[in-house]
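The values are calculated or read from the model by the stated rules, or taken from the named source; none is laboratory data. None of these values were measured; they are calculated from a predicted model. Cβ placement follows ideal geometry from the backbone for every residue including glycine, while neighbour counts extend to all protein chains displayed.
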2 protein chains.
Amino acid sequence: MPGLTIGDEIPNLEVETTHGKFKLHDFIGNQWTIIFSHPGDFTPVCTTELGLMAKYSAEFEKRGAKLLGLSCDGVQSHNEWIKDIEAHTPGCKVNYPIIADPNRDIMKQLNMVDPDEKDPNGFPTPSRALHIVGTDKKVKLSFLYPATTGRNMDEIVRVLDSLQKAAKNKVATPANWKQGEPVVISPSVTNDEAKKMFPQGFETKDLPSKKEYLRFTNV
Amino acid sequence: MPGLTIGDEIPNLEVETTHGKFKLHDFIGNQWTIIFSHPGDFTPVCTTELGLMAKYSAEFEKRGAKLLGLSCDGVQSHNEWIKDIEAHTPGCKVNYPIIADPNRDIMKQLNMVDPDEKDPNGFPTPSRALHIVGTDKKVKLSFLYPATTGRNMDEIVRVLDSLQKAAKNKVATPANWKQGEPVVISPSVTNDEAKKMFPQGFETKDLPSKKEYLRFTNV
């Protein structure tokens with residue numbers, strides 16, 4: 001995945017979408033944004049993914065996060081395809097914009113090109129990439145899944161919860177963490193600082209090294 | 001995440017690990033391999049992650065997959081730290097090797113540098129990167145999580161199941177798919193081919209476009 005990565009600001013590209021033309025920074029505003037690409041319209045995995053993204057859109061909205069899709073097909077194709085998506089996932093409205101990228105330029109600048117797949121004409125196709133962008137318009141986390149593996153909406157919600165937690169407090173989330181479970185205090189926080197920062201208290205794990213780095217709290 | 005990506009062969013580097021020195025290709029052999037890096041020994045999230053990797057190692061073994069960790073600390077530090085990991089996750093043995101990379105060279109070649117974090121001395125640190133490598137020694141899937149978000153072992157098992165399914169059959173797995181659920185037939189397979197390839201039958205979804213691309217089967 002050469003190019004755009006964690007810590008980089010999303011370039012302020014003008015994009016054509018199923019919701020009209022806009023600049024990426026205007027769309028993002030100061031909200032968390034999930035930008036996800038998919039190999040092509042009228043393809044099986046993508047249809048299930050975009051349907052579930054719509055099904056989960058209330059979860060993302062609750063977290064103040066916007067959704068933005070991308071594939072290299074045109075707006076008209078996207079609009080026709082949305083009918084299939086909504087028919088396959090009944091009760092779901094694809095209420096987020098999908099970028100049209102027929103010139104395959106946006107996907108390059110957003111680092112969403114599949115290095116391992118070509119379309120039937122030999123042109124590069126978008127990967128199953130996903131960037132979570134923070135309110136500062138910087139990439140916070142990226143997935144790169146191959147064309148054959150559909151993404152997991154629950155994992156996207158889980159990592160968004162983690163990123164939002166870490167953006168508000170000096171904490172990180174342990175392996176397999178889910179919303180509501182204890183978090184760990186960042187190593188950069190001293191014990192004295194932690195006492196002030198976390199008046200609710202924290203539990204320091206007693207480890208063989210006797211180093212006090214594994215400190216759990218609830219925020 | 002510049003550098004090594006999906007479709008690339010893992011470079012055949014000689015590495016020093018908690019299980020001695022070996023070359024990466026010798027270690028991988030013809031098995032699926034999960035190579036994962038972590039920011040540092042004696043840090044909170046990593047301790048929970050490596051413990052859970054050990055706890056899930058039977059799941060990975062069942063799927064014929066090997067595990068290989070990496071951080072830029074030395075072997076002695078890794079060995080001391082393993083005592084903490086095993087104390088924190090009781091009943092778990094860290095039975096997989098952890099690469100020592102004090103010169104920070106391996107992590108660069110494996111594309112596991114965190115572009116957004118530095119250690120207290122200003123040196124680059126490994127990211128929470130993870131590559132799943134196929135039996136052909138090529139990268140099949142990559143995650144890039146920030147230091148503050150621990151990974152999800154269930155998602156790693158899920159995507160491994162998907163990759164193995166797709167490697168054996170001309171299928172892909174839909175969004176949120178789990179082992180045992182129906183898969184979709186790849187768009188490159190014609191209906192006539194599908195009838196021969198999937199004698200168990202398949203169900204073609206009736207969609208508004210009348211295009212027959214969403215075909216579910218069980219393999």
Candidates A:Ser162, A:Ser188 - the one that is within 13 Å of the chain's Cα centre (by Cα), closer than 21 Å to B:Thr43 by Cα and of a type in the set (Ser, Thr, Tyr) = A:Ser162
task = Report, by residue number, each residue of segment B:26-66 that is aliphatic (A, V, I, L, M) and either under 21 Å from B:Lys108 (Cβ atoms) or more than 14 Å from chain A (Cβ to nearest Cβ) (or both).
result = B:Ile28, B:Ile34, B:Ile35, B:Ala58, B:Ala65
key: Filtered residues of segment A:104-131 (kept if outside any strand (DSSP E or B), over 27 Å from A:Glu155 (Cα atoms) and touching a residue at least 12 places away in the same chain (Cβ under 8 Å))   = A:Arg104, A:Asp119, A:Phe123
inquiry  = I need the strands (runs of 3 or more DSSP E) fully contained in segment B:136-219, keeping only those with at least 3 residues that are at pLDDT below 95 and crowded, with 17+ Cβ neighbours inside 10 Å.
reply    = B:139-145
task = Could you list all residues from segment A:71-85 that are within 16 Å of A:Leu52 (Cα to Cα) and surrounded by fewer than 19 Cβ atoms within 10 Å (Cβ to Cβ)?
result = A:Lys83
inquiry  = Conditions first: (1) closer than 16 Å to B:Cys46 by Cα; (2) of a type in the set (D, E, K, R); (3) free of Cβ contacts under 8 Å to residues at least 24 places away in the same chain. A:Glu193 passes all but one, so which condition is the exception?
reply    = (1)
key: First in segment B:11-29 and basic (Lys, Arg), second anywhere and part of a loop (DSSP other than H, G, I, E, B) and at pLDDT 95 or above, Cβ under 6 Å, 6 or more apart   = B:Lys23/B:Asn12
query = For A:Ile98, which of the numbered conditions (1) in contact with a Gly (Cβ under 8 Å, 6 or more places away or on another chain); (2) at pLDDT 95 or above; (3) more than 18 Å from A:Asp119 (Cβ to Cβ) fails to hold?
reply = (3)
message = Just the residues that are closer than 26 Å to A:Gly29 by Cβ, not in a helix (DSSP H, G or I) and not aromatic (Phe, Trp, Tyr), please, taken from segment A:75-102.
response = A:Cys92, A:Lys93, A:Val94, A:Asn95, A:Pro97, A:Ile98, A:Ile99, A:Ala100, A:Asp101
